[in-house]
1. Please tell me which of these pairs span more than 29 angstrom C-alpha to C-alpha: K194/K281; K92/K261; K133/K281?
2. Calculate, in nm to one decimal, what S388 and E407 gain on full extension: separation in residues at 0.36 nm each, minus their alpha carbon distance.
3. What does the net charge come to around K332 if you take all other residues with beta carbon closer than 12 Å to its beta carbon, with K and R at +1 and D and E at -1?
4. Given points 7 Å out from each Cα along the Cα-Cβ axis, report the A193 to S245 separation in nanometres with one decimal.
5. Label point 7 Å out from F258 along Cα-to-Cβ: which residues of the stretch 354-383 have amide N under 18 Å?
6. Could you sort M152, M118 by their accessible area in this structure, using a 1.4 Å probe and putting the largest first?
7. Keeping every protein chain in place, order K133, K315, K92 by accessible area at 1.4 Å, biggest value first, i.e. largest first.
8. Taking R0 as 30 Å, what FRET efficiency do you get between E85 and Y278 from their Cβ-Cβ distance, rounded to the nearest 0.05?
Amino acid sequence: MEGGNASSTTTASTSTTDAERKRKDPPPSSPCQDTAVATADSEGSQNHRSNNDDTKSNAEHRPPSQSQPKIKSKKNLSLQPLTMEGERPQKKFYRQRAHCNPLSHNDSFSYPPHPGAMDWTLDHYPHYYSGRKTTIQPTILDVGCGFGGLTMALGRLYPSHPLVENTSDITTTNTTTTSTTTTTFILGLEIRAKVTEYVRLRILAARRAASSSPSSSSSSSSHHNVSVLRTNAQKFLPHFVRPRSLRKLFFCFPDPHFKRKNHARRILSERLLTEYAYLLKRRRQRRPPRLYDAHASNDDDNHYHYEDEDEEDGKLYAITDVWELHLWHVQKCQAHPLLECVAISNGDRETNEANAAQAAAAERDDPCIRAMLTETEEGQKVQRNQGSKYYVVFRRISLEEEEEQEEQWHADNFFPFQTDLQQPQRRREQQQHETPQPQKQEE
């Protein structure tokens, strides 16, 4: 009996141990059940979280139809351009810092050795490409064109025309032309890479829009004579432009460079104005007579005759919304002997009625001044902020006027306004010459 009781006791304790083990370790369940249990546990453990955490957890468990679109991988984005050629670019993708040091050597620019080595029809004006090198070159420059507001407006003011082809014979005076109108080629210059790409795509979009619509109004402003170039105008402009070939030169809202040590970076200075005067067209340029010229003679008075008598002198335009920079423009341009004032607008600070009348007449007669005031992005921003705009317009003096001034100008008085660092030294030298030196008394 004792043995039987012991065995029954052992069996009962074993069954009790198995029941406790089963109670502690439940049987394995299916994957779906495990997910349900895990979800229930996670929901139970998140009861103490805040409302923001609840919102975040709910957003994570939204159905696929309500979830946000998936972002493409960087590998796919790098293969797709931001703007296809022929489409209008979006400015938000091409913004870049406005200030740039033009005297820095960090950026490398390619430039031809001389203007004659540049073929503008290859990359800039392909509509006029004829399979051989032509004499096409830009005659209107927008230096620091920005996002191309004025450059595009000039393309509408000076529409493109068919290319003029002259076929002349040296022994005869007969000349045949395929068109009576000539095309004015416009070029925007910009030093920033992203902004230059934006203007290039904008010009291509305008050309594509003009070619898709066959109306006469759109074809006249097809912008085939408009282009943009990335370069540093303060260093390499004479490598692209021939001497005495520019009709108009624009400087719209340049960087003020307020600090005195950075004044050398300003786009208008004594040195650069001399360079611009060298590139601007001058009226009544003398040249020897050609062999087929019917009016040529051996007299000394008729040995030279004048060409381009109907052409105007080249003009320089500069506009800004900074009063101090405007005074700098007026001072430097008035001091230069090869430039003559056409109009000066002091905006709301004008006190001279004669200057105001002269500026009003210039705006009425010259559409480029109106475009410079209203078409540029900076000008529109100043207008929205109810600011003031100040501009100057100067022309290149003619050859006759230049010859009259040759004798009176030399190296010492070429620039009447010298720098402040040189003025005290010159003043001391003048005082030393003017004041009589005391004579030594003889013993």
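1. K194/K281; K92/K261
2. That pair, S388 and E407, stretches by 2.7 nm at full extension.
3. +1
4. Those two pseudo-labels are separated by 2.8 nm.
5. In the stretch 354-383, the label zone of F258 (backbone N under 18 Å from the point 7 Å along Cα→Cβ) covers 382.
6. If we order M152, M118 from most to least accessible, we get M118, M152.
7. Ranking K133, K315, K92 by accessible area, largest first, yields K92, K133, K315.
8. 0.25
The values are calculated or read from the model by the stated rules, or taken from the named source; none is laboratory data. This structure is a prediction, so every number in the text was calculated from the model and none was measured. Cβ atoms come from the backbone with ideal geometry, glycine included; neighbour counts cover every protein chain shown. For the accessible areas, the whole protein counts, side chains as well, though only heavy atoms, and no ligand, DNA or RNA atoms are used. Shrake-Rupley method; radii C 1.70, N 1.55, O 1.52, S 1.80 Å.
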